[in-house]
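Quick notes on the structure that follows.
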Amino acid sequence: MTATRFPAILTSPIAQEVLQGLCSIPKRLPPKLFYDAEGSRLFDQITETEEYYPTRTERGIFESFVGEMAEQAGNNLTLVELGAGSARKTRLVIEAVLRRQLRLDFYPVDVSPAALREAVASLNGDFSNLHVSPITADYGHHLPQLKELPGRKLALFLGSTIGNFEPEQAVEFLIRVRQSLAPGDGILIGFDMRKDETTLHAAYNDRQGVTEAFNKNVLARINRELGGEFDLGSFAHVAFWNGRRSRIEMHLESRIEQRVWIQDLRRAFYFSRGERIHTENSYKFTPESIASLLCRSGLRVEKTWMDAKGWFSEVLARV
Ligand code: SAH
Ligand code: AVI
């Protein structure tokens with residue numbers, strides 16, 4: 001007989017993860033839950049704030065070096081992007097590849113159908129020789145067999161989304177990506193580098209409050225999808241630099257003692273005053289931590305590109 005850990009009332013795909021996270025001590029919610037349609041919209045808005053430097057810096061690296069990157073990646077490429085979001089920066093990679101080959105297949109993979117719709121809408125029509133095939137999937141659970149796609153693959157994992165994994169999970173994930181690719185395929189990974197605390201802190205505490213809204217969207221999403229009764233005003237956005245672990249941590253902190261009912265889970269969750277839900281880690285890298293991560297993942301570093309300030313690195317690794 002199969003053991004059932006939770007009652008069979010969990011209908012929404014996010015119900016089990018919310019239940020597990022809010023029953024954990026300390027409470028936590030996985031960052032992928034940020035990305036419903038509203039969360040994907042808010043993420044794109046974060047990338048336009050003055051304080052959030054990673055997107056702008058990575059885009060600058062592409063503007064300077066994308067021709068060289070495409071040449072280094074090889075001929076007759078098929079692009080696959082993990083966690084593509086709205087794929088705004090990817091346009092630069094697509095243009096560079098299409099300067100070297102007559103047509104291109106692009107497979108953006110994302111857990112957010114809304115983000116993929118945005119990616120397809122913004123790319124289709126602009127390139128007659130580009131074929132976009134979006135794949136809605138949670139790459140943590142199901143990684144498409146990339147070696148079965150036609151041509152030599154270049155997998156993209158941009159924006160330092162690799163930093164949202166725990167270091168051990170990042171190794172496991174990259175091993176799975178490597179195993180899903182074929183020998184000779186490439187993977188281009190964006191890494192946000194360690195830098196002064198003021199810059200890091202500001203990037204996750206923008207003055208307009210977009211990151212705060214993004215963080216709180218996970219509670220708003222539980223309200224929308226699971227009949228939750230979170231009062232967003234009674235939680236504070238908390239984001240700080242943890243230098244010892246080389247990461248920005250994001251939390252939601254209960255401003256008061258409270259119980260919050262979630263209808264679809266048929267239960268309430270107790271929060272003491274000041275109690276936090278840990279919603280995200282964003283690890284920041286050094287050249288050494290990147291080299292170690294890729295070596296442990298069985299990937300061979302081929303070339304690294306950086307911006308002038310050394311704030312962000314784009315690494316091409318080979319299977
Ligand atoms: N690559 C883009 C978007 C980064 S935001 C950029 O560089 O700007 C992170 C993206 O990863 C979001 O679109 C989110 O929906 C997606 N994502 C997060 N966790 C995921 C998972 N487990 N499976 C698939 N996509 C995921
Ligand atoms: C997607 N990911 C790399 C972003 C980051 O910086 O960790 C998500 C984000 N969280 C807050 N702001 C942006």
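Inspect the stretch 223-230 for any residue being within 15 Å of ligand 2 (Cβ to nearest atom) and modelled with pLDDT of 95 or more and give the result as yes or no.
Taking the stretch 223-230 first, the residues within 15 Å of ligand 2 (Cβ to nearest atom) are none.
Checked against the condition, which is being within 15 Å of ligand 2 (Cβ to nearest atom) and modelled with pLDDT of 95 or more, the stretch 223-230 yields no hits at all.
Okay, residues lined up against (1) out of contact with any strand residue (DSSP E or B) (no Cβ under 9 Å at 6 or more places or on another chain); (2) within 24 Å of residue 30 (Cβ to Cβ):
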| residue | (1), (2) |
| --- | --- |
| 123 | no, no |
| 144 | no, yes |
| 151 | no, no |
| 156 | no, yes |
| 171 | yes, yes |
| 181 | no, no |
| 190 | no, yes |
| 202 | yes, no |
| 209 | no, yes |
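Among the residues in the stretch 196-212, are any open to solvent by 40 Å² or more (accessible area, probe 1.4 Å) and at positive phi? If you could, list the steps in order and put the result at the bottom.
Initial filter on the stretch 196-212 (open to solvent by 40 Å² or more (accessible area, probe 1.4 Å)): 196-198, 201, 205, 207-208, 212.
Next, from what is left, pick out any that are at positive phi: none.
Within the stretch 196-212 (the criterion being open to solvent by 40 Å² or more (accessible area, probe 1.4 Å) and at positive phi), the answer is no, since none of the residues qualifies.
Go through 119, 114, 73, 96 for me and flag whichever is within 16 Å of ligand 2 (Cβ to nearest atom) and open to solvent by less than 20 Å² (accessible area, probe 1.4 Å). Spell out how you get there, then give the answer.
Numbers: 114 fails: open to solvent by less than 20 Å² (accessible area, probe 1.4 Å); 73 fails: within 16 Å of ligand 2 (Cβ to nearest atom); 96 fails: within 16 Å of ligand 2 (Cβ to nearest atom).
From the options 119, 114, 73, 96, the qualifying one is 119.
Can you list the strands (runs of 3 or more DSSP E) found entirely within the stretch 230-302 that contain at least 2 residues being touching a residue at least 24 places away in the same chain (Cβ under 8 Å) and among the β-branched types (Val, Ile, Thr)? If you could, list the steps in order and put the result at the bottom.
On the way: elements: 235-242, 247-254, 258-262, 267-271, 276-283.
Fully inside the stretch 230-302 and qualifying: 258-262, 276-283.
Residues being in contact with an Asp or Glu (Cβ under 9 Å, 6 or more places away or on another chain), part of a helix (DSSP H, G or I) and away from ligand 1 (no atom under 11 Å from the Cβ): count how many of those fall in the stretch 42-56.
1
When you scan the stretch 137-151, do you find a residue that is in contact with a Phe, Trp or Tyr (Cβ under 6 Å, 6 or more places away or on another chain) and within 16 Å of ligand 2 (Cβ to nearest atom), even just one?
So the first thing to find is which residues in the stretch 137-151 are in contact with a Phe, Trp or Tyr (Cβ under 6 Å, 6 or more places away or on another chain), and the list is none.
No, the stretch 137-151 has no match at all.
Is it the case that residue 143 is surrounded by fewer than 21 Cβ atoms within 10 Å (Cβ to Cβ), assigned to a loop (DSSP other than H, G, I, E, B) and not polar (S, T, N, Q)?
Values: surrounded by fewer than 21 Cβ atoms within 10 Å (Cβ to Cβ): yes; assigned to a loop (DSSP other than H, G, I, E, B): yes; not polar (S, T, N, Q): yes.
Yes.
Among what's in the stretch 184-195 and is in contact with a helix residue (DSSP H, G or I) (Cβ under 9 Å, 6 or more places away or on another chain) and closer than 14 Å to residue 316 by Cα, pick the residue that is surrounded by the most Cβ atoms within 10 Å (Cβ to Cβ).
189
Take the conditions part of a loop (DSSP other than H, G, I, E, B) and polar (S, T, N, Q) and apply them to residue 208. Does it pass? Don't jump to the end; show me each part of the working.
Values: part of a loop (DSSP other than H, G, I, E, B): yes; polar (S, T, N, Q): yes.
So residue 208 fits the description; yes.
The values are calculated or read from the model by the stated rules, or taken from the named source; none is laboratory data. Just so you know, these numbers come straight off a predicted model, no measurement behind them. FYI the Cβ positions are ideal-geometry reconstructions off the backbone, even for glycines, and counts take in every protein chain you see. These accessible areas exclude ligands, DNA and RNA; they are computed on the full protein's heavy atoms, side chains included. Shrake-Rupley method; radii C 1.70, N 1.55, O 1.52, S 1.80 Å.
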